[in-house]
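Asks: The structure follows.
The values are calculated or read from the model by the stated rules, or taken from the named source; none is laboratory data. The structure displayed is predicted, hence computed values, not measured ones. Virtual Cβ from ideal backbone geometry, glycine too; neighbours counted across all protein chains shown.
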Amino acid sequence: MAPIHISYFSDVLCVWAYIAQIRLDELKATFQDNIEIELHFVSVFGNAREKLEKSWRDRGGFQGYSDHIHEVGKKFEHATVHPEIWTSVRPPSSMSSHLFLHGIKLLEIKGIVPKSENSFERATSAFREAFFAKVMDISDRNVQFAIAEEIGLPIAMIQQQIDSGEAYAQLSKDFDLVKEHAVSVSPTLIFNEGRQRLNGNVGYRVIEANIRELLHNPPVEESWC
């Protein structure tokens, strides 16, 4: 039986995606070769500062949003949230990070770095950790270089993927998929060829139950109509 394909859409500046990382890790450990998770980006924080200024204007501004993030973080023991999140450092956009991460993904696609090392996934997780736990401005290219270098990736080769325009093309493919599947929430999981989706802060057991249902029911039983 072919593995179940899961398209996972998230924004690196989204706290719910940061919290959900542990669920992805658990899914891969539990189902191993039975699932295939493909990471994509949805630009929820593409214009982060203006978005938060408008939506939190009457709720305490950036400090109010920071307080909200801390309240969310307190509910999850595995999530470390820096005291100054969204106050001392306010990334203008997640787009820069998404572009850079696609540069890393291209290194895997081209075989420049071994796919078995999961560099793209590790870097995506490292970017989230850098922002939420260490309050680093991950929209800044110098910070991106530092993170990539720390996990042993060739920064010159990543920059080449960006300069060539290929990383932009990969990011544009994400934009197309976001439109095709009408994705507006981070994170969003889409599987069963687009017929099923889970949006937002969905618990691990709910995700697991959906996957097990697909694994144990043959395709002819997936639709009753």
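Asks: Going through the stretch 138-162 one residue at a time, which ones are buried (at least 18 other Cβ atoms within 10 Å of the Cβ) and either among the acidic types (Asp, Glu) or assigned to a loop (DSSP other than H, G, I, E, B) (or both)?
Replies: Within the stretch 138-162, ILE138, SER139, LEU153 qualify.
Asks: Here's something else I'd like to know. Just the residues that are assigned to a helix (DSSP H, G or I), under 10 Å from the mean Cα position of the chain (by Cα) and either farther than 20 Å from ASN201 by Cα or not aliphatic (A, V, I, L, M) (or both), please, taken from the stretch 1-26.
Replies: Passing the criteria: TRP16, TYR18, GLN21.
Asks: Out of all the residues in the stretch 39-67, which are crowded, with 21+ Cβ neighbours inside 10 Å and either in contact (Cβ under 8 Å) with a residue 40 or more places away in the chain or among the β-branched types (Val, Ile, Thr) (or both)?
Replies: Scanning the stretch 39-67 gives HIS40, PHE41, VAL42, VAL44, PHE45.
Asks: Okay, moving on. With respect to GLU53, is the statement that it is among the acidic types (Asp, Glu) and within 15 Å of the chain's Cα centre (by Cα) true?
Replies: Spelling it out, it is not the case that GLU53 is among the acidic types (Asp, Glu) and within 15 Å of the chain's Cα centre (by Cα).
Asks: Cβ contacts < 6 Å: first residue modelled with pLDDT of 95 or more, restricted to the stretch 119-138; second residue of a type in the set (Lys, Arg), any location; separation 6+ or different chain. Result?
Replies: Listed by first residue and then by second, the contacts come to PHE120/LYS105.
Asks: Six or more apart or on different chains, Cβ atoms under 7 Å: show the pairs whose first residue is in the stretch 145-166 and within 16 Å of LYS105 (Cβ to Cβ) and touching a residue at least 60 places away in the same chain (Cβ under 8 Å) and whose second is of a type outside the set (A, V, I, L, M, F, W, C) and part of a helix (DSSP H, G or I).
Replies: If the second residue must be of a type outside the set (A, V, I, L, M, F, W, C) and part of a helix (DSSP H, G or I), the pairs left are ILE162/GLY103.
Asks: Would the stretch 163-170 turn up any residue that is over 23 Å from ILE6 (Cα atoms) and loosely packed, with under 12 Cβ neighbours inside 10 Å?
Replies: Yes; the residues of the stretch 163-170 include at least one that is over 23 Å from ILE6 (Cα atoms) and loosely packed, with under 12 Cβ neighbours inside 10 Å.
Asks: Can you find a residue in the stretch 148-159 that is among the acidic types (Asp, Glu) and either under 22 Å from GLN21 (Cβ atoms) or touching a strand residue (DSSP E or B) at 6+ places or on another chain (Cβ under 7 Å) (or both)?
Replies: Within the stretch 148-159 (the criterion being among the acidic types (Asp, Glu) and either under 22 Å from GLN21 (Cβ atoms) or touching a strand residue (DSSP E or B) at 6+ places or on another chain (Cβ under 7 Å) (or both)), the answer is yes, since at least one residue qualifies.
Asks: Tell me yes or no: at least one residue of the stretch 120-128 is of a type in the set (Phe, Trp, Tyr), surrounded by 14 or more Cβ atoms within 10 Å (Cβ to Cβ) and assigned to a helix (DSSP H, G or I).
Replies: So far as the stretch 120-128 goes, yes, one or more of its residues are of a type in the set (Phe, Trp, Tyr), surrounded by 14 or more Cβ atoms within 10 Å (Cβ to Cβ) and assigned to a helix (DSSP H, G or I).
Asks: Does the stretch 27-38 hold any residues that are surrounded by fewer than 17 Cβ atoms within 10 Å (Cβ to Cβ) and either of a type outside the set (D, E, K, R) or not in a helix (DSSP H, G or I) (or both), and which are they?
Replies: If the condition is that a residue be surrounded by fewer than 17 Cβ atoms within 10 Å (Cβ to Cβ) and either of a type outside the set (D, E, K, R) or not in a helix (DSSP H, G or I) (or both), then ALA29, THR30, GLN32, ASN34, GLU36, GLU38 are the ones that fit.
Asks: Is it the case that the stretch 188-196 has a residue that's in contact with a Gly (Cβ under 9 Å, 6 or more places away or on another chain) and among the charged types (D, E, K, R)?
Replies: No; the residues of the stretch 188-196 include none that is in contact with a Gly (Cβ under 9 Å, 6 or more places away or on another chain) and among the charged types (D, E, K, R).
Asks: Return the pairs, sorted by first residue and then second, in which the second residue is surrounded by fewer than 18 Cβ atoms within 10 Å (Cβ to Cβ) and of a type in the set (D, E, K, R), the first residue lies in the stretch 10-38 and is more than 17 Å from ILE69 (Cβ to Cβ) and in contact (Cβ under 8 Å) with a residue 12 or more places away in the chain, the beta carbons are less than 8 Å apart, and the residues are 6+ apart or on different chains.
Replies: Listed by first residue and then by second, the contacts come to LEU27/GLU208; THR30/GLU208; ILE35/LYS28; ILE37/LYS28.
Asks: Could you check the stretch 163-183 and list, in sequence order, the residues that are over 17 Å from ASP11 (Cβ atoms) and not in a helix (DSSP H, G or I)?
Replies: SER164, GLY165
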